[in-house]
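Inspection log for the structure reproduced underneath, given as structure tokens.
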Amino acid sequence: MKVTEITNLEFGKMVQAASQKLNQNADFINSLNVFPVPDGDTGTNMSLSLQSGAKYERDADSTAVGTLATALAKGLLMGARGNSGVILSQIFRGFSKKLADKETLTAQDLADGFAAGAETAYKAVMKPTEGTILTVVREGAQAGLNAAKKSDDVLVVMDAVYEAAKAALATTPDLLPVLKQVGVVDSGGQGLTFVLESFNDSLNGRVAEEGDYKPDDAEMDEMIDAAHHQSVQGKLDPDSIKYGYCTEIMVRIGRGKQIQHDFDYDTFYKYLAGLGDSLLMVNDEEIVKVHVHTEHPGKVIAWGQEFGDLAKVKVDNMRMQQETIMEHDEETAADASAVATAEEPADTAIIAIAAGDGLATLFKSLGVTHMVNGGQTMNPSTQDIVDAINQSKAKRAIVLPNNKNIFLAAEQAAKVADVPAVIVHSKTVSQGMTAMLGYNPDADLADNQAAMEDNLSAVKSGQVTHAIRDTQLDGFDIKEGNFMGIVDGTIKVTDADLLKTAVDMVKTMLDDESEIVTIIYGADTTADVADQLQQAILALDDELETEVHEGDQPVYPFLISVE
């Protein structure tokens, strides 16, 4: 079989297949985290990022692949979580810019798109590191360009891109010694390889082989339901909704008395695409499930019966739903207005990212004006940060990521926010709190950014968590379930006892100039254990000043800073 172009239908299926593949394999990708800590989230971040991109692509009202690719890139950017999600968004940003005017894609277009994606991704990272997702996309893109010189078959080019990416992934441990030490490949590179594999399988029309993952009914329902009704929320006038009936059907393929056609994905899809928008189809050999916004739900139902009998039918009047939503919003707004204060928005919004009510209270006591929930277990998206900046109504904004895996998403948010915004590159909660000591409400953005960043080096940050697998790293033989003390990104101690791990970690952090030790205990420990830790630290040096705060943070029983 030879294929010389990719149409909107093929492109949509490629994106959908990749989103599903990342969702299926998110936990596996997470497990490739170099540190054996329970907050490895590369797979989760990449999956959620691509889910956002896939929704934008599905909702785009166009049959031009270039337009669909632009929508995919936009959705990826706004939904990007973590550095891996942002880099994935940059790959498809470059891809979409190169192909923006294309109705369909030739083999050469496909190769050129991946090459532009690789170039854009490298430019997006201040210090590109080989042995990462960047290596994987570069090697895949080069193989695509080479293949396009010899063939006009998109299947040949896509296969070359995927095979080269897979080979490049296998070399990542040779390029990054820490990967070889731990015995894993790069997690971001693995995520991208899954995306390319899905593209390749989709173009080749491959079905799941025996033993491969196949989504069950609950998962297929979840895919149909996810996020599609957000487009009719908020202030939208019900009368302006073009397609008013959210229609869902589930068809048992090849069964029933009204069958007129053997099931063919393209035939089934093309007819439904002409009936409305927000179309999503999920199918296996026995079942096809459909979600579509349309003015003709009866036609959707009748079309399904031409391929099988109906196992499920659901039709919602979205105009009626929107009227109810607007009535509720008006009541909520009236209630809020009744209790609103006359306080004006701050000239400068200071937005900190952290998980835990206690941490939020601490940050606000230091002058932070707005919190974004997230950090160790769930990185916020670019959209989450943009929303926090814009909804603050401030004239300018400063963002404290408090996690290096949020840097790229925060930087992208600052570029697209409605007001000027800067990032203070705090890698930890402790650094974020120390940065606040350098904030001057009378200074401009640039001066505040410089002063706050200068403060970052004034604190040592320690974190205690538990290992989720056996591994050897940083000279330690780490056992699953044991605790680890990590200081500024390096494992310093490991032990089966929580309190001993924390005390031994603090010992490595203290020096002759140490004056203040701050203990923030999380949701997985208690005030009593924190008090025991405080007394143990004072026993090391009774001239130290110690503070204990409840942080409620997940994953890390203790966050400890030394100044």
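Coordinate-derived values only; no laboratory data. Keep in mind that what you see is a predicted model, and the values were worked out from it rather than measured. Don't worry about glycine lacking a Cβ; one is built from the backbone with ideal geometry, like all the others, and counts go over all protein chains shown.
About the centre of its Cα atoms, the stretch 348-458 shows a dipole size close to 140 debye [charges on the beta carbon of Lys, Arg (+1) and Asp, Glu (-1) only; nearest 20 debye]. Helical runs assigned H by DSSP (4 residues or longer) give the chain a calculated mean residue ellipticity at 222 nm of -15500 deg cm²/dmol, each run adding -39500 (n - 2.57) before division by the residue total.
Annotation for K242 and L540: the two label points, set 7 Å from Cα along the Cα-Cβ direction, are 6.3 nm apart. Projecting the Cα atoms of L362, I351, N379 onto the dipole axis of the stretch 348-458, where Lys and Arg carry +1 and Asp and Glu carry -1 at the beta carbon, places N379 farthest toward the positive end. Computed about the Cα centre, the dipole magnitude for the chain is approximately 1980 debye when only Lys and Arg (+1) and Asp and Glu (-1) carry charge, each at its Cβ.
Any of K55/K180; K242/K299; K21/K415; K102/K404; K102/K299 with alpha carbons more than 27 Å apart? Name them for me.
K55/K180; K21/K415; K102/K404; K102/K299
Which shape class applies to the stretch 49-186: rounded if a/c is under 1.5, otherwise prolate when a/b exceeds b/c and oblate if not, where a ≥ b ≥ c are the square roots of the Cα gyration tensor eigenvalues? It is oblate, given that a/c is not under 1.5 and a/b is not larger than b/c. Separation of the stretch 132-157 and the stretch 159-200, taken as the distance between their Cα centroids, equals 15 angstrom. The packing ranking, built from the mean of other Cβ atoms within 10 Å per residue, places the peptides 524-537, 98-111 in the order 98-111, 524-537, highest first.
Using a/c under 1.5 as the rounded threshold, could you call the stretch 348-458 rounded, prolate or oblate? The axes a ≥ b ≥ c are square roots of the C-alpha gyration tensor eigenvalues, and prolate needs a/b larger than b/c, oblate otherwise. Rounded, since a/c falls under 1.5.
Using the Cβ-Cβ distance between D347 and M126 with R0 = 25 Å, the FRET efficiency computed as 1/(1 + (r/R0)^6) comes to roughly 0.25. Annotation: amide H-H contacts under 5 Å for L279 (H modelled 1.01 Å from N, sequence separation of 5 or more, or interchain): H293. Taking amide H as placed 1.01 Å from N in the peptide plane, K312 has its amide H under 5 Å from the amide H of M250, each at least 5 places away in sequence or on another chain.
Shape class for the stretch 461-562: oblate, because the ratio a/c of the largest to smallest gyration tensor axis (alpha-carbon atoms, square roots of eigenvalues) is 1.5 or more and b/c is at least a/b. Across the options S426, P557, A111, the greatest Cα extent toward the positive end of the charge dipole of the chain (unit charges at beta carbon of Lys, Arg, Asp, Glu) belongs to A111.
Taking the DSSP beta bridges with both ends in the chain, the antiparallel portion is around 75 percent.
Computed from Cα positions, the angle between helix 382-391 and the longest principal axis of the chain comes to roughly 70 degrees. With both residues required to sit in the stretch 461-562, DSSP beta bridges show an antiparallel share near 80%.
How much length is gained on full extension from E515 to K97, taking 0.36 nm per residue of separation minus their Cα-Cα distance?
145.2 nm
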